[in-house]
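Shown next, in structure tokens, is the structure this report addresses.
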Amino acid sequence: MAATTYERLKLHVTPEKFYVEACDDGADDVLVIDRVSTEVTLSVKKDVPPSAVTRPIFGILGTIRLVAGNYLIVITKKTKIGEFFNHVIWKATDFDILSYKKTMLHLTDIQLQDNKTFLAMINHVLNVDGFYFSTTYDLTHTLQRLSNTSPEFQEMSLLERADQRFVWNGHLLRELSAQPEVHRFALPVLHGFITMHSCSINGKYFDWILISRRSCFRAGVRYYVRGIDSEGHAANFVETEQIVHYNGSRASFVQTRGSIPVFWSQRPNLKYKPRPLINKVANHMDGFQRHFDSQVIIYGKQVIINLVNQKGSEKPLEQAFATMVSSLGSGMIRYVAFDFHKECKNMRWDRLSILVDQVAEIQDELSYFLVDAAGMVVTSQEGVFRSNCMDCLDRTNVIQSLLARRSLHAQLQ
């Protein structure tokens, strides 16, 4: 089984080198990082000097170069989220950033200050909630993608076969990824949300699992990061997979969300809601087409559910999105606009059934992925709902949960 990384690690530190020792049963590998030349090599346990300072770690997040030189980032604490299909899923809860350099005497005062600022920024990112990993399971792919792979894919390391959109430490691991012999030390880490629950209905027990994978392309905080980039990556793109596991059978329903895929911005000012601005000079069609070309290749049919207001400052965005879809004229893309705030005003949440009924037939057509206990694929999901509001947060959450619930009903029946 090639697609595993080492689970139990020890970090040994000497003034010249970092030694990362694999402590899994039968392992003799030691990853050696030279703190002076920054060279990465593979060695064996007997080469670790007894004088080294030793402590356990739970994974290598990667390396990064700052003003002072290189740093090694390691996972120092983890929490068990649960198990599915006999694989343990962990949440990384604490990290350490270790300098290759033994002193900072080579830096000027300004460089010292800059270095400190960059370290604070990295610490800030690492303190954000939601980093997950597994040393034995590929968390970056949906069940449907994993069911349709080649023997070559099965032989790849977790890092090589991972969906690069969801490897949050991909940039940090670039030095390790260049050397296949050290891939078992290279741990892909996902950012998002994972939860698992054991449930029972009518005395029948099943596992219900939710995995949200946040794309590392065009990620950022709302208001500051909006729309698409020239590669067609939409801001704050998230793939969410709901999995049901019952008696060896597994069902999976996948949805996506992402910013309205045209070039637009919404820079914060002193107003409660800054006005969105659509870029007047950009070639919107180019980025738009790239976005949906890749979505269709990965997921199949696209059913866009646009939940923004159809009047006021959000109206031009709704019109731009609708216009782009009709100009593209693709049979693989359908567009549904639903003015969430207008339809549900005065807490009329019951009116959401209008939208759910409107897309019910489409949802049944798209179906969901189902594989039986013997590993035979019973049904495949033919496409996804791609939902968005302005932030891809509240309105999007409501609609995605209603569609997921409807799929869950069908699966359990």
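Need the failing condition index for Gln111 against (1) within 25 Å of Ser37 (Cα to Cα); (2) in a strand (DSSP E or B), just the number.
Condition not satisfied by Gln111: (2).
Quick check, is Val189 in contact with a Pro (Cβ under 7 Å, 6 or more places away or on another chain), surrounded by 13 or more Cβ atoms within 10 Å (Cβ to Cβ) and more than 30 Å from Lys273 (Cβ to Cβ)?
So Val189 fails the test.
Right, Leu98: at pLDDT 95 or above, among the aliphatic types (A, V, I, L, M) and either loosely packed, with under 15 Cβ neighbours inside 10 Å or touching an Asp or Glu at 6+ places or on another chain (Cβ under 7 Å) (or both) or not?
no
Just to be sure, is Leu105 surrounded by fewer than 14 Cβ atoms within 10 Å (Cβ to Cβ), of a type in the set (A, V, I, L, M) and more than 24 Å from Val221 (Cα to Cα)?
Against the criterion (surrounded by fewer than 14 Cβ atoms within 10 Å (Cβ to Cβ), of a type in the set (A, V, I, L, M) and more than 24 Å from Val221 (Cα to Cα)), Leu105 qualifies.
Of the residues in the stretch 65-93, how many are touching a Phe, Trp or Tyr at 6+ places or on another chain (Cβ under 8 Å), open to solvent by 30 Å² or more (accessible area, probe 1.4 Å) and more than 18 Å from Leu187 (Cβ to Cβ)?
Of the residues in that region, 2 qualify.
Does Ser230 satisfy the condition of being within 23 Å of Phe133 (Cα to Cα), in the same structural domain as Arg267 (by the TED database), over 15 Å from the mean Cα position of the chain (by Cα) and not basic (Lys, Arg)?
no
If Asn123 satisfies all but one of (1) open to solvent by 50 Å² or more (accessible area, probe 1.4 Å); (2) polar (S, T, N, Q); (3) within 30 Å of Gly248 (Cα to Cα), what's the number of the condition it fails?
Just one mismatch for Asn123, condition (3).
Of all residues in the stretch 163-183, which are open to solvent by 10 Å² or more (accessible area, probe 1.4 Å) and either without any contact (Cβ under 8 Å) to a residue 60 or more places away in the chain or aromatic (Phe, Trp, Tyr) (or both)?
Answer for the stretch 163-183, where residues must be open to solvent by 10 Å² or more (accessible area, probe 1.4 Å) and either without any contact (Cβ under 8 Å) to a residue 60 or more places away in the chain or aromatic (Phe, Trp, Tyr) (or both): Asp163, Gln164, Trp168, Gly170, Ser177, Ala178, Pro180.
Looking at the stretch 1-24 only, could you name the residues that are open to solvent by 60 Å² or more (accessible area, probe 1.4 Å), part of a loop (DSSP other than H, G, I, E, B) and farther than 26 Å from Phe153 by Cβ?
Within the stretch 1-24, Arg8, Pro15, Glu16 qualify.
Looking at this structure, is Thr38 assigned to a loop (DSSP other than H, G, I, E, B), open to solvent by 40 Å² or more (accessible area, probe 1.4 Å) and over 20 Å from Leu187 (Cα atoms)?
no
With the checklist (1) open to solvent by 60 Å² or more (accessible area, probe 1.4 Å); (2) at negative phi; (3) modelled with pLDDT under 95 in hand, flag the one item Gln266 doesn't pass.
Single failed check for Gln266: (1).
Given (1) touching a helix residue (DSSP H, G or I) at 6+ places or on another chain (Cβ under 9 Å); (2) closer than 30 Å to Asn283 by Cβ, identify the lone condition not met by Cys392.
Going through (1) touching a helix residue (DSSP H, G or I) at 6+ places or on another chain (Cβ under 9 Å); (2) closer than 30 Å to Asn283 by Cβ one by one, Cys392 breaks only (1).
Is there a residue in the stretch 43-64 that is outside any strand (DSSP E or B), more than 29 Å from the chain's Cα centre (by Cα) and within 27 Å of Gln111 (Cβ to Cβ)?
Checked the stretch 43-64: no residue is outside any strand (DSSP E or B), more than 29 Å from the chain's Cα centre (by Cα) and within 27 Å of Gln111 (Cβ to Cβ).
Ser249 versus (1) surrounded by fewer than 22 Cβ atoms within 10 Å (Cβ to Cβ); (2) assigned by the TED database to the domain that holds Arg386; (3) within 18 Å of the chain's Cα centre (by Cα); (4) closer than 30 Å to Ser200 by Cβ: which is the lone unmet condition?
Of the numbered conditions (1) surrounded by fewer than 22 Cβ atoms within 10 Å (Cβ to Cβ); (2) assigned by the TED database to the domain that holds Arg386; (3) within 18 Å of the chain's Cα centre (by Cα); (4) closer than 30 Å to Ser200 by Cβ, the odd one out for Ser249 is (3).
Out of the stretch 136-160, which residues are surrounded by 17 or more Cβ atoms within 10 Å (Cβ to Cβ), within 10 Å of Ala3 (Cβ to Cβ) and touching a Ser or Thr at 6+ places or on another chain (Cβ under 8 Å)?
Passing the criteria: Ser157, Leu158, Leu159.
Kindly list the number of the only condition in (1) free of Cβ contacts under 8 Å to residues at least 40 places away in the same chain; (2) open to solvent by less than 60 Å² (accessible area, probe 1.4 Å) that fails for Cys216.
Here Cys216 meets the rest and fails (1).
So how many residues does the stretch 372-404 have that are buried (at least 21 other Cβ atoms within 10 Å of the Cβ), within 19 Å of the chain's Cα centre (by Cα) and either among the hydroxyl-bearing types (Ser, Thr, Tyr) or assigned to a loop (DSSP other than H, G, I, E, B) (or both)?
Final tally of qualifying residues: 3.
The values are calculated or read from the model by the stated rules, or taken from the named source; none is laboratory data. Values in this document were obtained by computation on a predicted structure and should not be read as measured data. Neighbour counts run over all protein chains shown; Cβ positions are idealised from the backbone, glycine included. Side chains are part of the model used for accessible areas, which takes the heavy atoms of the whole protein and leaves out ligands, DNA and RNA. Shrake-Rupley method; radii C 1.70, N 1.55, O 1.52, S 1.80 Å.
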